[in-house]
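Asker: Dumping the structure here so I can ask a few things about it.
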Amino acid sequence: MATTAIDVRGARVTDADRVLTEDALAFVERLQREFGTRRNELLAARQQRWKALKAGGTLDFLPETAKVRSSEWSVAPVPKDLEVRKVEITGPTDRKMVINALNSGASVYMADFEDANTPTWENMVSGQGNLIDAIERTITFEDKGKRYALDTETATLVVRPRGWHLPEKHLLVDGKPIAGAFMDFGLYFFHNARRLLDRGTAPYFYLAKTESHLEARLWNDVFSFAQDALGVPRGTIKATVLIEVVTAALEMDEILYELRDHSGGLNAGRWDYIFSVIKKFDQRSDCLLPDRIQVTMTVPFMRAYTELLVKTCHRRGALALGGMAAYIPSRRDPVVNEQALAKVREDKVREATDGFDGTWVAHPDLVATAMAEFDRVLGTKRNQLDKQRPDVHVSAAQLGDIRVPGGTITDQGVRNNVSVGIQYIASWLRGTGAAAINNLMEDAATSEIARSQVWQWVHNGASITGGPAITPELVKKVEAEELEKIRAAVGDQLYRTGRYDEAARLFEHVALSKDFVEFLTLPGYELID
């Protein structure tokens, strides 16, 4: 048995005995010791780049990597079960969700330890146990007399570890919290790499919040180290990078190049991308965005980003994945249901026509609708790697032109941000990281948009179109009014136990603080076990 100096501060939660084994913890400790310093250096580099953009800096393609962009090269091919990714369903790693997502009819299930998963110790450890059982095909769940188990045919499993910025306070090395990414990746890979290979698949990952090709290089080195340590051939791991930070949009070629032996492609992480635009230009009045609902995928800067993603991926032989359909169909209201499905169809028609190889949905009832649109365009093809986009020419100026023509800030937009922000944070604090609110599936990314828009509007002197200035006093007034609406909707008892007042305090902190709080999940993490 390996000996480990890692300090486990978490309680003995569900599945702890079989997940937090001595050998597994020793492997996680090795990752932290080998790569922790580089991770810290890259987080510091993020801050310097952010500071430069705040001061009026502009975005541009990197001159030092021009040769990577201009030369001809391709990523390694993906295994057969990753060639078809028409519809990917995302969600947290609770037991019922794992079963339903794998049975949903989607091509891929992205099991999420990140934005759709509150990082309580219980969630992070039991989620690992649930994935082991899913791979072993022994996972079952009973609820209200109904038994859930895996179908014969299931979606391909892909796992999203936490981004580089998030710590894991329950695991300490030399008295300091390790990176949450090392826990999530390390435990999953240690326990399941051989299991997956024995079943004809492999360890597949999504990489969140990547801001530069240097951060992708770190992941690539982690993969090589991990494969060597466990005797797994290099290149076995395949990882899809979410392009959900505006700086990464100018380094897509470079990110694919760094991961070329381990690449599963790129994904247009739309909600985090919008959040990153607000954050990176937080003090720039020339970059104010209107109501969230008006920042669609067809506005110029979002259109430029997604078209460049498809062109870049297909030039390099990499798969291009589209964004999230967050609408939730209603099984009770046919009108609401058809409205949701119509919006999903419109979104997926655009993505399939643009050349994306697949897309994301947040609810099993959307799988068939999204799948139909990709089947219609792809026919019998497994993907659209043959669809090049020579017609697309995207400049750095287009990616950095953060405007929405004709956009307005409305009273309803302000109220929606405040209400959704508080309701989501309350759900997150209760341990549920994916919450259905107003017929949309909200996660940490959409909550980040809500609070960051309020911050941006307040700190840049914005006003409601045709109305009053958006001041801290106005926000607090709206907050009080929206809290009363929430109380009336959920009832006094659930309001008292639902952590809504605590959520309101956290929302106010991240929406009205003097300096922009980089991620709301960082102060939020101090409020959960």
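Asker: Could you work out, for the chain, what percent of all Cα-Cα pairs fall into each 10 Å distance bin, beginning at 0 Å and stopping at the bin that holds the largest distance?
Answerer: Over the chain, the share of Cα pairs per 10 Å bin runs 4, 19, 30, 29, 15, 3, 0 percent.
Asker: Sticking with this structure for a sec: Per DSSP H run of at least 4 residues, take -39500 (n - 2.57); add these up for the chain, divide by its residues and hand me the 222 nm value, nearest 500 deg cm²/dmol. Intermediate results must be reported in sequence, preceding the final value.
Answerer: On the way: 19 runs with 252 residues, N = 529.
Here the helix-only value at 222 nm equals -15000 deg cm²/dmol.
Asker: Eigenvalues of the Cα gyration tensor times 5, then square-rooted: what semi-axes does that give for segment 265-357, in whole angstrom, largest first?
Answerer: Numbers: eigenvalues 121, 91, 20 Å².
Largest first, segment 265-357 gives 25, 21, 10 Å.
Asker: Using a 7 Å offset from the Cα along the Cα-to-Cβ direction at both ASP333 and GLU136, what is the distance between the two label points in nm, to one decimal?
Answerer: 4.3 nm
Asker: Okay, next question. Going 7 Å from the Cα of VAL8 toward and past its Cβ, which residues in segment 183-213 have a backbone nitrogen under 16 Å from where you end up?
Answerer: Only 183-184, 186-188, 190-191 pass the distance filter.
Asker: When the convex hull of the Cα atoms of segment 408-521 is projected onto a plane and the area is averaged over all directions, what value comes out in nm²? Could you put the intermediate results ahead of the total?
Answerer: Details: hull surface 27.0 nm².
Over all viewing directions, segment 408-521 projects a mean Cα-hull area of 6.7 nm².
Asker: Now a separate question. Once you put a point 7 Å from the Cα of ARG303 and another 7 Å from the Cα of SER513, both along the Cβ direction, what distance in nm separates them?
Answerer: 3.6 nm
Asker: Dipole magnitude of segment 228-367 about its Cα centre, charges +1 at Lys/Arg Cβ and -1 at Asp/Glu Cβ only, in debye to the nearest 20? Don't skip to the answer; put the middle values down first.
Answerer: Values: 18 positive and 20 negative charges, 33 e Å.
In debye, rounded to 20, segment 228-367 gives about 160.
Asker: Ordered by packing density, taken as the mean number of other Cβ atoms within 10 Å over each peptide's residues, highest first, how do 377-388, 17-28, 186-197 rank?
Answerer: Numbers: 377-388: 15.0, 17-28: 18.2, 186-197: 20.9.
Most protected by this proxy first, the peptides run 186-197, 17-28, 377-388.
Asker: Using the crude model of +1 on Lys and Arg Cβ and -1 on Asp and Glu Cβ, and no other charge, please compute the dipole size for the chain relative to its Cα centre, in debye to 20.
Answerer: Working: 66 positive and 74 negative charges, 91 e Å.
Result for the chain is approximately 440 debye, rounded to the nearest 20.
Asker: Too long at a 30 Å Cα-Cα cut-off: which of LYS238/LYS514; LYS311/LYS514; LYS144/LYS238; LYS209/LYS348?
Answerer: On the way: LYS238/LYS514 41 Å; LYS311/LYS514 40 Å; LYS144/LYS238 38 Å; LYS209/LYS348 24 Å.
Beyond 30 Å: LYS238/LYS514; LYS311/LYS514; LYS144/LYS238.
Asker: Related question: Could you tell me what percent of the DSSP beta bridges with both partners in the chain are antiparallel, to the nearest 5?
Answerer: Working: 15 of 43 bridges.
Of all bridge pairs located within the chain, approximately 35 percent are antiparallel.
Asker: At 1.4 Å probe size, with every protein chain present, just tell me what the per residue accessible area of the chain comes to in Å². Can you show the working numbers first?
Answerer: On the way: 20350 Å² over 529 residues.
With the other protein chains kept in place, the chain gives 38 Å² per residue.
Asker: Lys/Arg Cβ at +1, Asp/Glu Cβ at -1, dipole of segment 219-272 taken about the Cα centre: which of LEU266, THR236, ALA248 is farthest positive-ward?
Answerer: Highest projection toward the positive end goes to THR236.
Asker: Ok, one more. Over the Cα atoms of segment 248-311, what radius of gyration and what Dmax do you get, in Å?
Answerer: My reading of the Cα-based Rg and Dmax gives 13.5, 42 Å.
Asker: Percent of accessible area on the chain owned by carbon and sulfur, 1.4 Å probe? If you can, show how the numbers build up before the last one.
Answerer: Working: 10250 of 20350 Å².
Summing carbon and sulfur atoms, their accessible area is 50 percent of the total for the chain.
The values are calculated or read from the model by the stated rules, or taken from the named source; none is laboratory data. Nothing here was measured: the structure is a model prediction, and the numbers come from that model. Methodologically, a virtual Cβ is constructed for each residue, glycine included, from the backbone with ideal geometry; neighbour enumeration extends over all protein chains shown. Accessible surface is based on the protein model in full, side chains and every heavy atom, while ligands, DNA and RNA are left aside. Shrake-Rupley method; radii C 1.70, N 1.55, O 1.52, S 1.80 Å.
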